[in-house]
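Sharing a structure here in structure tokens format.
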Amino acid sequence: MANRRSFYETLTAAVKDLTENGFDTEGRLAFWVEELRKSAEMTLTPAWKMDAMLRKGLGAIYQRMIEKGGIAKYNPGISRFTIQKLQPQLRAELDRRIMASASLIKMNREKAIQDTLQRFAGWSTSIPAGGTDATNKRKTKEEISKSLAQLSFRERRVAIDQGHKFTAALSEIIAKDEGALAVVWHSHWRDPAYNYRKDHKERDGHVYAIKGNWALEQGLMKAGADGYYDDITHVGEEVYCRCFATYLYGLSQLPKDMLTQKGAAEVERVKAEMKKRYG
């Protein structure tokens, strides 16, 4: 039966039928549209298997970042106790990210199938009743199946992108809970294989204050020339962004232009106290 064929076999049969008979009835077109839909859905990786792959991939990121301590790269000095305390929130983010990734992939699949059926219908209705010998069948099939042919690549990109977003979200959850003062932006613009955004390259190495932190409220710091992190898109927020942030938690880590006079005095006071205590 036609609906047991692979998508390519079904498309080959559909193109052959239309070039031989043309668009002579609505029924012929409707038949092949439905057959193509069935074969496309059958050919794609099952949803349950894709969900399992997402869960495995994002779970591996969670294990590396949280259970094995990799998150310390983005939040230097954060204790193991803090990470354990926040595990319910971090786990919830894992579940949320899995659901979001699955939803995106589902929408991409539905769109790819719909685009394919629209291309087929558009081509079919251009064929006169009685058929035609002018069709290049190979090129026609390539054009019709373009969206489905690119789907696996787009699904991999979605999974990778969601992995970057997940890593950024885990780090931000910890930073908010622990009262981070500022963010240092890091871009991969030096990577020759990375298609970086120009404005993200320009942010590389810049330090952005986090609004509402305790040091701002106590008048110990201010936003420097780079301004506030809250006023720009965050790392990983934009599609396929691979930038990452490291968070600063202490006054002594801030650039001098971000310290108020009161803050600079506090840094010196702490330094003097530490020297006196430890020599």
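The values are calculated or read from the model by the stated rules, or taken from the named source; none is laboratory data. Predicted model only: the values in this text are computed from it and were never measured. Because the Cβ atoms are built from the backbone with ideal geometry, glycine has one as well, and the counts that use them run over all protein chains shown.
Does residue 71 qualify as being touching a helix residue (DSSP H, G or I) at 6+ places or on another chain (Cβ under 7 Å) and part of a helix (DSSP H, G or I)?
Yes: the conditions hold for residue 71.
From 171, 126, 147, which residue is of a type outside the set (A, V, I, L, M), in a loop (DSSP other than H, G, I, E, B) and either in contact (Cβ under 8 Å) with a residue 40 or more places away in the chain or not assigned by TED's automatic domain parsing to the domain that holds residue 207 (or both)?
The match here is 126.
Still on this structure, I have one more. Of the conditions (1) part of a helix (DSSP H, G or I); (2) without any contact (Cβ under 8 Å) to a residue 60 or more places away in the chain; (3) over 22 Å from the mean Cα position of the chain (by Cα), residue 141 fails just one. Which one is it?
(2)
So which residues in the stretch 98-118 are farther than 25 Å from residue 240 by Cβ and surrounded by fewer than 17 Cβ atoms within 10 Å (Cβ to Cβ)?
Correct list: 118 only.
State yes or no: is residue 233 within 24 Å of residue 71 (Cβ to Cβ), without any contact (Cβ under 8 Å) to a residue 40 or more places away in the chain and not aromatic (Phe, Trp, Tyr)?
Yes.
Conditions (1) farther than 27 Å from residue 235 by Cα; (2) at pLDDT 95 or above; (3) touching a Phe, Trp or Tyr at 6+ places or on another chain (Cβ under 7 Å), marked per residue:
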site: 105; (1), (2), (3): no, no, no
site: 124; (1), (2), (3): yes, yes, yes
site: 132; (1), (2), (3): yes, no, no
site: 135; (1), (2), (3): yes, no, no
site: 148; (1), (2), (3): yes, no, yes
site: 169; (1), (2), (3): no, yes, no
site: 203; (1), (2), (3): no, yes, yes
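Something else about it: Tally the residues that are surrounded by 12 or more Cβ atoms within 10 Å (Cβ to Cβ) and either touching a strand residue (DSSP E or B) at 6+ places or on another chain (Cβ under 6 Å) or of a type in the set (D, E, K, R) (or both), restricting the search to the stretch 68-94.
Of the residues in the stretch 68-94, 6 are surrounded by 12 or more Cβ atoms within 10 Å (Cβ to Cβ) and either touching a strand residue (DSSP E or B) at 6+ places or on another chain (Cβ under 6 Å) or of a type in the set (D, E, K, R) (or both).
List every residue pair whose Cβ atoms sit under 9 Å apart, with the two residues 6 or more apart in sequence or on different chains, where the first one lies in the stretch 99-113 and is under 14 Å from residue 166 (Cα atoms) and the second, anywhere, is surrounded by fewer than 13 Cβ atoms within 10 Å (Cβ to Cβ).
Listed pairs, sorted by first residue: none to list.
Mind telling me which of the residues 45, 12 ends up being farther than 30 Å from residue 185 by Cβ and part of a helix (DSSP H, G or I)?
Unique residue meeting the criteria: 12.
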